[in-house]
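In what follows, a structure is listed as structure tokens, so that the remarks can point back to it.
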Amino acid sequence: MNVIKKRLKAVRDLGPSKLSLYAQYQAGLRSGHFRRVLPSRRDDFEGQPGLAPFAHFPEVSQAQQDLVLAEADEVRRGRVRLFGGDLVPLNLDAGASSQHWTVLEKTPPAEDIKLIWEPARFGWAITLARAYAFSGDPLYARDFWDKTLHFLSAHPPNLGRHWQSAQEVAIRLMVLIYCDRVLAAAPSSLWENRRRLWQAAAEHAARIPPTLCYARAQNNNHLLSEAAGLYAAGRYLPTHPQAKGWRQLGWRWLNRGFQAQITEFGTYVQHSVNYHRLMLQLAVFTDGLRRESQAGEWPDATLGRLAAATQWLWALTDPNTGKTPNLGANDGAYLFPLTCLPITDYRPVVSAAARAFLGGEIYDQSGLQEMGDWFTLPTSSLPSKLQPQAPDMLRLESGSGRAFLRAAQFEDRPSHADQLHVDLWWRGVNLAPDPGTYQYNAPPPWDNPLADTAVHNTLTVDGQQQMSRAGRFLWLDWAQAEVLGHEVDQEGRLAWVSAEHDGYRRLGVRHLRKLTVLDDGWLVVDHLLPFDQPDQRIHQVQLTWLLPDWDWSFDSDDILTLEGPEFRLKLHISGVDPLSLVRAGERMHGSITPEPTWGWQSPTYFSKVPALMLMGAVFGRLPIEVTSTWKIIEPSPFSG
């Protein structure tokens with residue numbers, strides 16, 4: 001896409017307001033304005049917090065306490081799990097520089113910036129605070145202060161990488177406030193230590209307003225994080241000269257953000273389960289500050305959107321495992337890890353958000369309430385616990401199976417080109433997963449390639465994406481989907497659903513997909529039809545299914561068998577030429593020449609594991625039909 005055409009489409013899809021705000025941010029950088037208004041200067045605030053330390057801590061089981069203490073002991077030894085992955089050294093010096101952040105903004109770092117930023121989100125500090133709360137051991141508080149004061153000394157205000165992003169600054173600010181309230185009574189929480197933290201909180205808050213134009217241009221989690229950080233600083237440091245301005249600015253943009261970024265049906269603007277969870281965590285955190293400050297209620301319009309957003313994430317969350325489809329961009333964000341459950345378990349946030357915005361608890365399972373308890377949310381049970389539906393990720397259930405069909409109407413920038421992607425689960429195992437993200441900031445070919453249509457469980461036509469890729473994070477010519485029909489069974493559950501999208505309209509092609517529940521699996525039928533008028537051209541249609549990395553064999557040219565630990569899967573594809581199988585960028589079967597990014601799955605950020613990628617192509621004139629029949633074979637109860 002040439003530059004002029006790309007810019008015209010960007011104006012059309014993004015709108016002049018966002019582009020103007022982004023231009024304003026760039027002008028502030030290039031003119032030196034941000035450097036002038038954000039000097040490297042310590043705040044001399046001498047006041048005290050406006051919110052008291054936590055009066056009591058949540059009650060958790062001994063098993064949960066043991067898990068928290070074990071993780072905190074690893075932090076004390078200098079090891080953490082970034083993005084929920086394996087243990088790695090905690091490096092609090094990375095990103096330190098004597099240069100102003102506006103200078104560093106012009107030169108990318110040698111490694112992925114998220115690897116530098118993630119330790120400075122202070123998730124490890126929350127672990128230490130929880131360990132102190134549950135054990136009373138002063139060693140955990142002392143380690144918090146040692147590490148925190150070291151970080152603040154190594155990264156003076158507005159110098160170095162950790163001041164580049166106002167969102168990162170806001171996240172750190174909120175965690176510092178939380179930890180100060182938990183650790184206030186610890187012997188190492190000396191007056192001078194706490195005063196330095198309060199001054200740091202003020203320094204962090206002052207960094208946010210000058211560049212809020214960037215967050216407004218993004219109109220996503222950046223804006224919500226920065227607004228929540230400002231609101232938190234304004235509530236926590238009420239006697240600071242700028243506190244009233246921070247509080248009012250934060251409250252205004254929080255409400256505007258929630259109302260603009262969440263649809264009436266609960267869909268979040270970024271079309272990502274991970275960023276959806278982040279948004280709800282910000283809402284729960286600021287709601288707690290609002291209630292403790294005895295401030296005004298949320299506007300009805302905000303509450304309505306937050307309630308709908310809670311129901312949306314609830315709709316995608318498995319009640320038994322807490323797992324969801326890995327929909328959209330996933331940067332591993334988990335701002336307040338107030339749980340012993342893994343990062344892939346979404347139930348703690350769904351539970352807390354339901355208590356805050358739906359009026360009661362969804363789950364009756366122990367171990368899921370800690371997050372909500374930290375924010376002193378009511379514990380009454382919801383009268384109805386019937387799991388809702390998400391209109392853009394429709395769920396079909398039967399027995400041990402859960403299936404999802406992606407059918408989105410984009411009102412803002414999509415993160416993945418994934419219309420009509422199908423996600424399949426059996427007994428908690430993701431049989432047809434979303435590829436995830438892996439990395440945003442890596443050299444080719446890993447510069448965010450898992451956002452492409454070709455690696456999702458859908459069809460590509462003539463080798464084209466559903467939308468036009470105009471950058472690492474920017475899609476233009478948004479494909480829009482529409483649900484065409486559905487049927488429910490006697491229990492009120494979806495038996496089948498059909499939808500189409502217009503992403504290949506420029507090629508004269510309509511893609512229709514029907515997903516049907518079977519007793520022992522699913523039937524997926526794809527139709528490629530002319531869009532408006534007869535089409536005699538020869539089209540290439542490619543079907544993709546991402547599969548678990550299990551032992552495999554072909555029963556024939558069109559039937560693949562996978563042997564899992566607990567059951568077997570047979571996948572029969574009809575309507576395509578002989579199939580090809582790719583694993584970790586290498587061809588395992590067939591004749592296709594694979595890309596190095598094919599055959600991978602990224603469970604969370606900076607993590608990728610091999611997966612099987614089944615691909616089949618057909619060349620022909622429209623109409624074209626392709627059928628995928630999934631059959632689960634459970635072991636015989638008499639075997640063995």
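Quick notes
- Unique match (being at pLDDT below 95, of a type in the set (S, T, N, Q) and outside the structural domain of residue 142 (by TED's automatic domain parsing)) among 31, 17: 17
- Residue, surrounded by the fewest Cβ atoms within 10 Å (Cβ to Cβ), within the range 354-379, restricted to residues that are at pLDDT 90 or above and in contact with a strand residue (DSSP E or B) (Cβ under 8 Å, 6 or more places away or on another chain): 360
- For the range 571-620, filtered to residues that are more than 23 Å from residue 522 (Cβ to Cβ) and of a type in the set (Gly, Ala, Ser), the residue that is surrounded by the most Cβ atoms within 10 Å (Cβ to Cβ) is 602.
- Test for residue 529: is it within 16 Å of residue 402 (Cα to Cα) and either among the acidic types (Asp, Glu) or assigned to a strand (DSSP E or B) (or both): no
- Scan the range 482-524 for residues that are assigned to a strand (DSSP E or B) and out of contact with any Asp or Glu (no Cβ under 7 Å at 6 or more places or on another chain) and the total you get is 19.
- Filtered residues of the range 215-250 (kept if assigned to a helix (DSSP H, G or I) and either at positive phi or polar (S, T, N, Q) (or both)): 218, 221, 225, 248
- Test: residue in the range 381-402 that is over 30 Å from residue 216 (Cα atoms), hydrophobic (A, V, I, L, M, F, W, C), in a strand (DSSP E or B) and touching a strand residue (DSSP E or B) at 6+ places or on another chain (Cβ under 9 Å): yes
- Residue 277 meets each of the listed conditions (1) part of a loop (DSSP other than H, G, I, E, B); (2) within 21 Å of residue 126 (Cα to Cα); (3) basic (Lys, Arg) apart from (1).
- Matching entry among 479, 495 (being at pLDDT 95 or above, small (Gly, Ala, Ser) and surrounded by 19 or more Cβ atoms within 10 Å (Cβ to Cβ)): 479
- Whenever a residue of the range 1-21 is within 20 Å of residue 465 (Cβ to Cβ), its partners that are surrounded by 15 or more Cβ atoms within 10 Å (Cβ to Cβ) and at pLDDT below 75, lying with C-beta atoms within less than 9 angstrom and at least six residues away or across chains, give the pairs 1/9.
- Against the list (1) assigned to a loop (DSSP other than H, G, I, E, B); (2) aromatic (Phe, Trp, Tyr); (3) under 20 Å from residue 344 (Cα atoms), the condition residue 446 fails is (3).
- Contacts under 7 angstrom Cβ, first residue in the range 24-50 being within 22 Å of residue 154 (Cα to Cα), partner among the hydroxyl-bearing types (Ser, Thr, Tyr), 6 or more apart: 34/102; 34/211; 35/102
- Selection count where residues are part of a loop (DSSP other than H, G, I, E, B) and under 29 Å from residue 581 (Cα atoms), scope the range 532-549: 4
- Taking the criterion of being touching a residue at least 40 places away in the same chain (Cβ under 8 Å) and in contact with a helix residue (DSSP H, G or I) (Cβ under 7 Å, 6 or more places away or on another chain), the residues of the range 65-89 that qualify are 65, 68, 69, 71, 72, 75, 76, 80, 82, 83.
- One residue stands out in the range 523-551 among those that are polar (S, T, N, Q) and touching a residue at least 60 places away in the same chain (Cβ under 8 Å): the one that is nearest to residue 588 (Cα to Cα), namely 544.
- Residue count for the range 93-140 satisfying the condition of being of a type in the set (A, V, I, L, M, F, W, C), part of a loop (DSSP other than H, G, I, E, B), under 27 Å from residue 76 (Cβ atoms) and more than 22 Å from the chain's Cα centre (by Cα): 2.
- Candidate set from the range 430-454 (those that are under 11 Å from residue 613 (Cα atoms) and touching a Leu at 6+ places or on another chain (Cβ under 7 Å)); member that is surrounded by the fewest Cβ atoms within 10 Å (Cβ to Cβ): 433
- Per the listing 527, 486, 501, the residue uniquely modelled with pLDDT of 95 or more and closer than 18 Å to residue 616 by Cβ is 527.
- Extreme residue, surrounded by the most Cβ atoms within 10 Å (Cβ to Cβ), among residues of the range 84-110 that are farther than 24 Å from residue 338 by Cβ and of a type in the set (D, E, K, R): 105
- Among the residues making up the range 155-201, those that are more than 30 Å from residue 110 (Cα to Cα) and outside any helix (DSSP H, G or I) are 184, 185, 186, 187, 188, 189, 190.
- Long-range neighbours under 8 Å by Cβ, at least six apart or interchain, first residue over 16 Å from residue 522 (Cα atoms) and assigned to a loop (DSSP other than H, G, I, E, B) within the range 552-570, second at pLDDT 95 or above and among the hydroxyl-bearing types (Ser, Thr, Tyr): 558/574
The values are calculated or read from the model by the stated rules, or taken from the named source; none is laboratory data. This one's a predicted model, so the numbers in the text were calculated from it and none came from an experiment. All Cβ positions, even for glycine, are placed from backbone atoms using ideal geometry, and neighbour counts span all protein chains on display.
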